[in-house]
Each structure stands twice: as C-alpha cells, then as structure tokens.
Amino acid sequence: MSRSHRAALKLAVLLLCSVPLAGAIQQPPSTVEPFHRPFDQLLDLNVRDGFVYYRALHGDRGRLDRYAASLNVAAATYDRWTREQKMAFWVNAYNAFVLQTVIDRYPIRGRSANYPPNSIRQIPGAFDQTKHRAAGKSLTLDDIEKTVLPQFKEPRLYLALGRGAAGSGRLRSEAYTADRILQQLGDLQSEFVSEQTMLKIDRAAGEMSVTPIVSWHEAEFVAAYDPGATGTFAARSPIERALVAFIAPRLLPLEKEFVQKNAFKLTYHPFDWRLNDLTGGRPR
C-alpha cells in the first residue's frame, strides 16, 4: 500500500470514529460549575428524595473529604464572588459538613432520651462545637446558619439546609449553583406546601401546622414576606401574615380557600430529628 493510500485510510478511520453511532445516547454537558461538580456527583449518587445512603457514602468518603477540604478557599477569592455564588457556596458547605459529621460516627447509636437513637443530635457538639474550615474561616454549623446566612436576607436558604434529619428541608440530589440557586430555592418554596414535614393543613380541625424552621428564623421570614397590617390578615401577627404570603401562591384551590377564610389556628409541629438515612429503607 502506498504512503498516500495509507494516509487516506487513516483519515477515513478518524472521520468514522468522530461520527456518533446511530442510537447512541449523548450525555448533555454538565451545567454545574467545576468547583461544586464533585459534590453534585456525590449527591446524585447517594441522595434520593432528601434521604441519604449513608452506608454507601461512608465507604466512599474520600471524595467527600476532598470536596470539603476544597471549601477552604482564600478569603480574597471568596470576596470577589457574586451574591449567588456565595449563597450556593454556603449551602453546599453546610450540607457537606453535615454529611461528614454523620459518617464520622456512622452508624450512630446514641443514648440520649431527648432524641432518636440514630439522630445527628446524639453526636456531641455536632452543631455548636465542631469547627469546619470554609472561606478562610473556622465555623460551626450553627455559625453558618445563624451568622453567615442571615447576611443574604433570603429565608429560603434555611429550607435548603439538610441538617441530617428527616424533618429538614429536602436535601436535593444536586449541588446548588450560582446560576440556578434562585430557581432551586423557588422549587423549595413550591415543595413547602406539599411536604408534610413543612406544612400540614387540616381543614376539618381549622388548623395549619408549620415546621419550626420558620419560627427559628421568624425575623428573616417577616422581613422578606410580611406585607404589613393591611387587608384580610391585618389583625394577624407579622409571622402569620408572612407565612400566608409565602405559601398562598402555591396552595391548591381548596387549601387557598381555607386560608383566605382567615379562621385558621397556626401551630408549629415538633421537628423530626430522625436521621434521614435511606440505608435499609426510610425511617418509620
């Protein structure tokens, strides 16, 4: 075979290899920013409908540890980020640190009668003592929730925190990203009205029961959603008015009618501190 024939054959092979096979599934490129992509992949593998395969994650903890270590970016780098980048960063950081906290002690077997035996609350200092490094700071989980997140004046962020508990806002099977975080938070707001851990409406009893997460961050919810003492709900408390404004656009017609009658009693149901563990099935 001549040199020119060999060159032509080589070119034909290269062109053939560059053409997709008929029927082959083309995976769309990831839209997750590279910084959070490792965490996005971990969540996609190990989280289903807010519950975590902790046993599997425990066996693959190296990737989680590497991602958590990468969160300690220089303060100067963090300061250059947009508001959306910072919000996504801190929610992802919180959720990653919670996962680390759980698998460090997994399986959890505590003895405190105040919480379920496998609760993250059985881990001493899980929220208020254990320090984590992020953005050049040493912070506890409570520090992130109570001192960092309030700076953004976005109460939906508190619904994005996994907290390692069945009663938390639903831990997503994806990382939060700067370009999608407002949409992701909007999804959480929509899910709020349909998740029993967040909202329970009992029309027969005339009651509306809400997650205590709202009461923990009452000031932020009031500042963001209270329309003021006007209209149908003028005599209600600021947090009641804020809650109605938060949920009303997403209620079903019968639920919306119930709320608009303005005869409901608002209560807060107990927080469910059972571990959001999917290993062996959901907690019962």
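Readers should treat all values here as calculations from the given coordinates under stated rules, not as data from a laboratory. These numbers come from a predicted model, not from an experiment. Using ideal geometry, Cβ is built from the backbone for each residue, glycine included, and neighbour counts are taken over all protein chains shown.
Legend: calculated FRET efficiency, Gln151 to Glu33, from the Cβ-Cβ distance at R0 = 22 Å, rounded to 0.05, equals 0.55.
Using Cβ counts within 10 Å as a stand-in for footprinting exposure, how do Tyr53, Tyr268 rank, fewest first?
On the way: Tyr53 17, Tyr268 13.
Going from sparsest to densest Cβ surroundings: Tyr268, Tyr53.
Placing dummy labels 7 Å off each Cα toward the beta-carbon, the span from Ser70 to Glu174 is 1.8 nm.
If you take the C-alpha gyration tensor of the stretch 143-212, multiply each eigenvalue by 5 and take the square root, what semi-axes do you get, largest first, in whole Å?
Taking √(5λ) for each Cα gyration eigenvalue gives 24, 14, 12 Å.
Among the trypsin sites (Lys or Arg not before Pro) in the stretch 117-206, those located in a DSSP loop and surrounded by at most 16 other Cβ atoms within 10 Å of their own Cβ are Lys131, Lys153, Arg203. With a simple spin-label model that places each label point 7 Å from the Cα along the Cα-to-Cβ direction, the separation between Gln129 and Ala263 comes to 5.1 nm.
Spacing of the modelled spin labels on Ser194 and Thr230, each 7 Å from Cα toward Cβ, amounts to 3.3 nm. Annotation: the antiparallel percentage among DSSP beta bridges lying fully within the stretch 199-268 is about 50. Be a star and scan the stretch 194-224 for residues whose amide nitrogen sits under 14 Å from the point 7 Å along the Cα-to-Cβ vector of Arg250. Inside the label zone: 194-200, 211, 214.
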